[in-house]
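Some notes on the structure that comes next.
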Amino acid sequence: MNKISLKLTKTYDENEILKALRESFEFIGGLDSIVKSGDTVLLKLNLTGPFRPEQAATTHPVLVKMMVRLIKECGGHPIIGDGPATIKSPIKDTGIEDVAQEEKVPAFVFEKFQQVHLSDYSIVRDISYSTDVLQADKVISMPKLKTHALTLYTGAIKNMFGAVAFEQRKALHKYKTQEEFSKLLTDIFSVRVPDLTVMDGIWGMDGIGPVHGNPVNFGVLLVSRDAVAIDALSATLLGYKIDDVQMIGRASERNLGESNLDNMFIDDSCYKERILHTANLIPTLQGGLRERFLKLVLGKIQCDSSKCSKCSACLDGCPANAITMNPYPVVDENACLHCFRCYEICFHGALSIKYKKINS
Ligand code: SF4
Ligand code: SF4
């Protein structure tokens with residue numbers, strides 16, 4: 001039976017995190033049953049962009065630091081990486097550079113890719129995938145517990161999207177229904193299923209995630225060998241039905257993990273009392289209804305000309321060709337997919353998206 005450790009941890013106090021991680025690994029069979037002496041262990045973080053830790057959009061540096069130390073205890077060689085949504089590297093702003101320097105381990109943005117050809121796929125057969133992820137002896141995924149405007153929730157399955165080359169990720173944003181995008185994410189997840197997942201739900205995000213939502217102190221840390229099971233439990237804790245988050249069912253159908261909580265052995269027998277009951281969940285709307293909802297809660301994407309360098313990076317990164325330069329970026333609301341790539345790409349902070357709180 002799949003084991004998931006669920007720890008209640010409200011802060012990023014180093015001692016508290018280390019204790020919680022040790023207890024979690026003991027429950028699932030020991031970190032040394034996964035990491036062997038001499039292994040290169042890639043920590044695949046969620047570093048979606050150059051956000052500060054308190055913005056709760058990226059994997060917290062204290063959790064990463066404690067994982068680095070535990071991997072070293074097993075004799076492994078940790079390396080840290082991700083493929084962000086932004087052109088500007090997130091390594092410094094997210095606090096990961098400090099961890100890397102302190103622990104003397106490499107931390108980098110994925111830059112080398114190789115073609116992977118999937119024989120079993122739904123949407124995408126040929127994927128330009130991170131060489132660092134493919135070559136690591138062990139892959140430990142460290143997603144962040146957040147809502148997501150398209151997939152409702154972003155977690156362990158979606159975290160592996162960052163292993164795909166930037167240009168291909170941009171092109172793949174043309175799949176704008178939850179059904180299409182969930183199939184796509186499952187294809188990508190199947191390339192290299194992580195050996196272990198450590199979900200940072202201590203501070204996460206609700207509202208219009210994954211970067212524009214509200215930081216929330218969920219106070220949970222989840223650990224499992226099964227990333228799909230982690231997503232099933234996380235989505236449940238957020239208050240979703242597992243079936244609402246389609247990528248979980250898709251991954252389970254393809255035998256990439258377990259989606260049925262009854263088939264999981266969870267060390268917190270009271271987990272059903274831990275439902276977080278956040279008031280700001282993305283509604284489970286599909287297709288045209290979802291788009292109408294986003295148009296309702298989102299204002300127009302606006303450019304602050306005093307910050308804009310007219311570099312056109314947002315225009316180049318828009319999968320819908322919804323941006324023109326006049327002379328600053330102007331967004332065609334009818335063409336916009338609300339994928340938020342332009343906002344994430346602009347490292348000058350010139351673009352802003354105004355939105356109203358859901359249910360408020
Ligand atoms: S909004 Fe940002 S990304 Fe777009 S042109 Fe201006 S500075 Fe460049
Ligand atoms: S304008 Fe921005 S949010 Fe809209 S489709 Fe283009 S990149 Fe995505």
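The values are calculated or read from the model by the stated rules, or taken from the named source; none is laboratory data. Quantities reported herein were computed from a predicted structural model and do not represent experimental measurements. Neighbour counts run over all protein chains shown; Cβ positions are idealised from the backbone, glycine included. Keep in mind that these areas ignore ligands, DNA and RNA; they rest on the heavy atoms of the full protein, side chains included. Shrake-Rupley method; radii C 1.70, N 1.55, O 1.52, S 1.80 Å.
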Discussion item. Given the whole protein assembly as supplied and a 1.4 Å probe, what does the accessible area of Arg52 come to in Å², nearest 10?
Written reply: 120 Å²
Response to the item:
In whole angstrom, largest first, the equivalent ellipsoid semi-axes that the Cα gyration tensor gives for segment 2-274 are 24, 22, 19
Worksheet item: What angle do you read, to the nearest 10 degrees and between 0 and 90, between the alpha-carbon axis of helix 287-297 and the longest principal axis of the chain?
Response: 80 degrees
Worksheet entry | Around Val223: net Lys/Arg minus Asp/Glu count, Cβ-Cβ under 14 Å | -3
Worksheet item: Rank Ile123, Ile230 by accessible area, highest first, at a 1.4 Å probe radius?
Response: Ile123, Ile230
Worksheet item: How many angstrom separate the Cα center of segment 92-148 from the Cα center of segment 251-275?
Response: 25 Å
Discussion item. If you fit an axis through the alpha-carbon atoms of helix 14-28 and take the longest principal axis of the Cα set of the chain, what angle between them do you get, 0 to 90°, nearest 10?
Written reply: 70 degrees
Practice prompt. State the extension gain, in nm to one decimal, for the chain segment bounded by Ser119 and Leu134, taking 0.36 nm per residue of separation less the distance between their alpha-carbons.
Written response: 3.7 nm
Practice prompt. Considering only protein heavy atoms, with the full assembly of protein chains and a 1.4 angstrom probe, order Thr324, Thr59 by accessible area, largest first.
Written response: Thr324, Thr59
Worksheet entry | Net length gained if the chain between Lys310 and Thr40 were fully extended (0.36 nm per residue, minus Cα distance) | 93.0 nm
Worksheet entry | Estimated FRET transfer efficiency when R0 is 45 angstrom, pair Glu73-Lys174 (beta carbons, to 0.05) | 0.50
Worksheet item: Straight-line reach from Lys104: which lysines have a Cα under 27 Å away, not including same-chain ones fewer than 8 places off?
Response: Lys19, Lys36, Lys44, Lys65, Lys72, Lys88, Lys92, Lys112, Lys138, Lys144
Discussion item. Rounded to the nearest 10 Å², what accessible area does Leu222 have for a 1.4 Å probe in the complete protein model?
Written reply: 0 Å²
Worksheet item: If you take the charge dipole of segment 2-274 about its Cα centre, with +1 on Lys and Arg Cβ and -1 on Asp and Glu Cβ, which of Phe181, Leu233, Ser269 is farthest toward its positive end?
Response: Phe181
Fill in: Rounded to 5, percent antiparallel among DSSP beta bridges of the chain
60 percent
Worksheet entry | Dipole magnitude of the chain about its Cα centre (Cβ charges: Lys, Arg +1; Asp, Glu -1), debye to nearest 20 | 900 debye
